[in-house]
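What follows is a single structure, written as structure tokens, with notes after it.
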Amino acid sequence: MAVLPKRKILLSPPHMSGKEENYIAEAFQTNWIAPVGPHIDAFEEEMSLYLKAPGAVAVSSGTAAIHLALDVLGVKAGDTVFCSSLTFVASANPILYQGAEPVFIDSEPESWNMSPQALKRAMEQADKNNRLPKAVIVVHLYGQSAKMEEIMQICQSYEIPVIEDAAESLGAGYKGIPTGTIGDFGIYSFNGNKIITTSGGGMLTAKKKKHLEKAKFLAQQAKDPAAYYQHSRKGYNYRMSNVLAGIGRAQLLVLEERVEQKRFLFKRYKEALEGRGYSFMNEYEGSYSCRWLTTAQVPYKTAPSEIVSYLEKFDIETRRIWKPLHMQPLFAGCSYYSHIPHNNTSEMLFHTGICIPSGTNLTGEEQLFVIEKLEEAVKANNVRVSEISNLK
Ligand SMILES: *Cc1c(COP(=O)(O)O)cnc(C)c1O
């Protein structure tokens with residue numbers, strides 16, 4: 001039996017490289033303590049280089065980046081926006097900020113991400129009703145890319161712009177291309193739990209330079225190019241601080257290393273637990289996952305919430321998979337298209353999936369402890385048939 005670790009094992013705590021403080025010190029020495037400054041420019045430049053993107057705009061959060069993309073595309077009240085259902089609420093909240101209405105699209109089982117079949121049915125129906133969406137928000141969940149080729153084909157045939165929510169997938173690729181740079185817009189998050197962090201922050205990229213310029217303009221209160229404060233439309237205060245951009249620059253230096261560490265953690269979990277009835281989110285052909293969080297489906301006839309509460313007793317944080325947005329009270333009444341009629345992938349994943357500690361600062365010993373407890377949890381979890389049949 002492994003030795004009980006002293007600290008609580010978290011899902012994905014921040015992992016500093018040690019160089020962040022040099023960048024912060026530089027910001028202080030030069031007194032750039034503002035949402036403008038050289039770290040911001042450099043961070044945008046370095047992200048663009050890393051992503052091979054035409055440019056990037058550093059903002060205060062990933063949510064802000066989605067909001068800016070929707071605003072640049074002119075999404076407004078009365079419009080609809082298609083969005084992955086299996087995701088964090090932040091993917092869809094900006095649709096509400098614009099007064100528009102989300103339509104949720106199910107996942108497909110191979111990638112766990114947006115089902116091209118469901119998307120196609122939703123587009124055909126919307127076309128028939130003369131209500132094509134203003135945009136499609138595709139999420140790359142837990143570090144794995146959605147099936148972008150099929151999704152782009154469908155969206156392009158209806159000329160609908162695509163926003164990639166790559167908040168969880170910085171460092172991941174699809175057929176060799178970084179996630180977030182395939183569609184018209186890509187957004188990233190540097191929240192405290194993400195693969196790299198600035199404590200809080202985000203980044204927006206776009207294919208078109210004019211989209212990026214517009215986003216930057218909107219993120220700074222939409223100030224007209226006049227010699228005084230003149231404003232012709234609504235804007236936002238969404239720029240990233242120069243201090244935090246410094247943290248981001250230091251974090252970006254270790255991104256590749258973090259991806260390797262995350263992938264290694266995943267591999268170890270899979271090797272140890274697959275024979276114990278757990279099944280893992282596999283990389284499908286063409287996908288390169290950054291493994292932001294290792295996710296697994298619990299063994300047959302065990303309930304994920306039981307596993308979560310069992311590990312909690314040992315100070316190990318595990319979490320259920322995101323509850324699909326079409327099941328959220330906030331979005332009651334919104335349209336939803338399942339993968340195959342009457343066959344919900346996202347609901348099935350919600351009822352069977354958990355996220356396992358994936359911090360890159362997890363020690364080998366701690367990971368073994370987590371594995372041991374995940375095995376034990378199955379034994380302790382004596383078939384909660386009542387819970388399984390009451391799922392909803
Ligand atoms: C974290 C996250 C966001 C939001 O990012 P913030 O920087 O926290 O605003 C959006 N979408 C997904 C899928 C996320 O996981």
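The values are calculated or read from the model by the stated rules, or taken from the named source; none is laboratory data. Only a predicted model underlies this, so the values are computations on that prediction, with no experimental measurement involved. So basically every Cβ, Gly included, is an ideal-geometry build from the backbone, and we count neighbours across all protein chains shown. What goes into the accessible areas is simple: the full protein's heavy atoms, side chains included, and nothing from ligands, DNA or RNA. Shrake-Rupley method; radii C 1.70, N 1.55, O 1.52, S 1.80 Å.
PHE350: part of a helix (DSSP H, G or I) and either under 18 Å from the mean Cα position of the chain (by Cα) or of a type in the set (Lys, Arg) (or both), yes or no? Spelling it out, PHE350 is indeed part of a helix (DSSP H, G or I) and either under 18 Å from the mean Cα position of the chain (by Cα) or of a type in the set (Lys, Arg) (or both). Would it be correct to say that GLU45 is closer than 30 Å to GLU365 by Cα, out of contact with any His (no Cβ under 9 Å at 6 or more places or on another chain), assigned to a helix (DSSP H, G or I) and open to solvent by 20 Å² or more (accessible area, probe 1.4 Å)? Against the criterion (closer than 30 Å to GLU365 by Cα, out of contact with any His (no Cβ under 9 Å at 6 or more places or on another chain), assigned to a helix (DSSP H, G or I) and open to solvent by 20 Å² or more (accessible area, probe 1.4 Å)), GLU45 does not qualify. Residues in the range 69-92 that are near the ligand (Cβ under 9 Å from one of its atoms) and assigned to a helix (DSSP H, G or I) were compared, and the one that is surrounded by the fewest Cβ atoms within 10 Å (Cβ to Cβ) is VAL89.
Taking the range 167-187, which residues are acidic (Asp, Glu) and within 16 Å of LEU252 (Cβ to Cβ)?
If we filter the range 167-187 for residues that are acidic (Asp, Glu), which is where we start, we get 168, 184.
None; the set is empty.
Within the range 335-344, can one find any residue that is in a strand (DSSP E or B), buried (at least 19 other Cβ atoms within 10 Å of the Cβ) and not aliphatic (A, V, I, L, M)? Yes; the residues of the range 335-344 include at least one that is in a strand (DSSP E or B), buried (at least 19 other Cβ atoms within 10 Å of the Cβ) and not aliphatic (A, V, I, L, M).
Suppose we filter the range 201-223 for residues that are part of a loop (DSSP other than H, G, I, E, B), touching a residue at least 60 places away in the same chain (Cβ under 8 Å) and open to solvent by less than 10 Å² (accessible area, probe 1.4 Å); how many remain? Total satisfying the criteria: 1. Of all residues in the range 107-124, those that are more than 16 Å from the ligand (Cβ to nearest atom) and in contact (Cβ under 8 Å) with a residue 12 or more places away in the chain total 12. Listed by first and then second residue, the pairs with beta-carbon distance under 7 Å, at least 6 apart or on different chains, first residue in the range 51-71 and over 19 Å from ALA172 (Cα atoms), second of a type in the set (Asp, Glu) and more than 8 Å from the ligand (Cβ to nearest atom), are VAL57/GLU44; ALA58/GLU44.
Step by step: first the residues of the range 162-177, then only those that are under 14 Å from the mean Cα position of the chain (by Cα) and away from the ligand (no atom under 12 Å from the Cβ), then the one that is surrounded by the fewest Cβ atoms within 10 Å (Cβ to Cβ). Which residue is that? Break it down into steps so the answer makes sense when it comes.
Looking only at the range 162-177, we keep the residues that are under 14 Å from the mean Cα position of the chain (by Cα), and these are 163-173.
Keeping just the survivors that are away from the ligand (no atom under 12 Å from the Cβ) gives 171-173.
Working: GLY171: 24, ALA172: 24, GLY173: 18.
Filtering the range 162-177 for residues that are under 14 Å from the mean Cα position of the chain (by Cα) and away from the ligand (no atom under 12 Å from the Cβ), the one surrounded by the fewest Cβ atoms within 10 Å (Cβ to Cβ) comes out as GLY173.
Being within 24 Å of GLU101 (Cα to Cα) and part of a loop (DSSP other than H, G, I, E, B), is that true of even one residue in the range 185-192? It would help to see each step written out before you state the result.
Within the range 185-192, the subset within 24 Å of GLU101 (Cα to Cα) is 185-189.
Within this subset, residues satisfying the condition of being part of a loop (DSSP other than H, G, I, E, B) are none.
Within the range 185-192, none of the residues are within 24 Å of GLU101 (Cα to Cα) and part of a loop (DSSP other than H, G, I, E, B).
Is it true that ASN361 is surrounded by fewer than 17 Cβ atoms within 10 Å (Cβ to Cβ) and under 16 Å from LEU141 (Cα atoms)? So ASN361 fails the test.
Considering only residues of the range 53-68 that are within 12 Å of the ligand (Cβ to nearest atom) and farther than 16 Å from ILE40 by Cβ, which is nearest to the chain's Cα centre (by Cα)? Checking each candidate, the answer is GLY62.
Can you say whether PHE190 is within 14 Å of the ligand (Cβ to nearest atom) and not acidic (Asp, Glu), as far as the supplied structure shows? When the stated conditions are applied, PHE190 passes them. Screening the range 309-334 for residues that are more than 22 Å from PHE266 (Cα to Cα) and open to solvent by less than 60 Å² (accessible area, probe 1.4 Å) and picking the one that is farthest from the chain's Cα centre (by Cα) gives CYS334.
Of a type in the set (Asp, Glu) and surrounded by fewer than 17 Cβ atoms within 10 Å (Cβ to Cβ) - does that describe any residue in the range 285-305?
Among the residues of the range 285-305, at least one is of a type in the set (Asp, Glu) and surrounded by fewer than 17 Cβ atoms within 10 Å (Cβ to Cβ), which makes the answer yes.
For the range 1-24, the set of residues classified as farther than 13 Å from GLY248 by Cα and open to solvent by less than 40 Å² (accessible area, probe 1.4 Å) consists of ALA2, PRO5, ILE9, LEU11, SER12, PRO13, listed by residue number.
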